[in-house]
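Structure record follows, encoded as structure tokens.
The values are calculated or read from the model by the stated rules, or taken from the named source; none is laboratory data. On a predicted model such as this, the values are computed, not experimentally measured, just so you know. Because the Cβ atoms are built from the backbone with ideal geometry, glycine has one as well, and the counts that use them run over all protein chains shown. All accessible areas refer to the heavy atoms of the entire protein, side chains included, with ligands and DNA or RNA removed. Shrake-Rupley method; radii C 1.70, N 1.55, O 1.52, S 1.80 Å.
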Amino acid sequence: MTDLTEEEKQIPVEKYEYLDHTADVQLHAWGDSLEEAFEQCTQAMFGYMTEIDKVQILEKHEIEAQGEDIQSLLFHLLDEFLFLFSAEPYFIARKVKIKEFDRVNFRIVATGYGEIFDLKKHPQGTEVKAITYSNMQVHDKPNLHEVYVIIDI
């Protein structure tokens with residue numbers, strides 16, 4: 001188990017919501033920066049999989065995501081974290097922090113903080129099968145940093 005700092009264990013304020021969508025769910029996340037909106041969107045995905053407040057910050061996992069544009073970068077960020085959950089060790093993040101956000105080369109390095117998913121502790125929510133590009137939106141303006149992503153459930 002990895003030693004975590006008190007700062008790494010702090011839980012951020014939720015800045016996301018779930019919007020109804022036929023046969024899928026749309027994640028809508030926002031933040032004070034585009035980085036925070038991406039972090040919140042990833043946390044929203046995990047929040048749909050279980051009662052996120054039951055997930056403790058006990059360990060961390062780092063991922064790298066690469067895209068061809070800003071939308072594919074968001075897609076690959078979510079997809080990398082979905083893979084972490086779907087394959088051993090079945091890691092579920094309570095918090096996500098982006099360490100590097102390269103808007104020129106469309107590359108992200110992010111750390112997920114959470115624990116191994118355990119059905120005895122974490123109620124099973126809805127299975128997320130895939131991330132989609134359907135109606136994906138990324139808004140990055142001076143006073144507006146928000147994203148919309150439809151996930152296949």
Residue check, E68 against (1) in a loop (DSSP other than H, G, I, E, B); (2) among the charged types (D, E, K, R); (3) closer than 15 Å to K99 by Cα, all met but one. Which one?
-> (3)
With the stretch 72-151 as the region, which strands (runs of 3 or more DSSP E) entirely inside it contain at least 2 residues that are open to solvent by 10 Å² or more (accessible area, probe 1.4 Å) and under 23 Å from L4 (Cβ atoms)?
-> 91-102, 107-116
Condition set of a type in the set (G, A, S) and under 17 Å from E127 (Cβ atoms), scope the stretch 1-58, selection least open to solvent (accessible area, probe 1.4 Å): answer is A44
Those residues of the stretch 16-32 which are in contact with a helix residue (DSSP H, G or I) (Cβ under 9 Å, 6 or more places away or on another chain) and more than 22 Å from H61 (Cβ to Cβ) amount to E17, Y18, V25, H28, W30
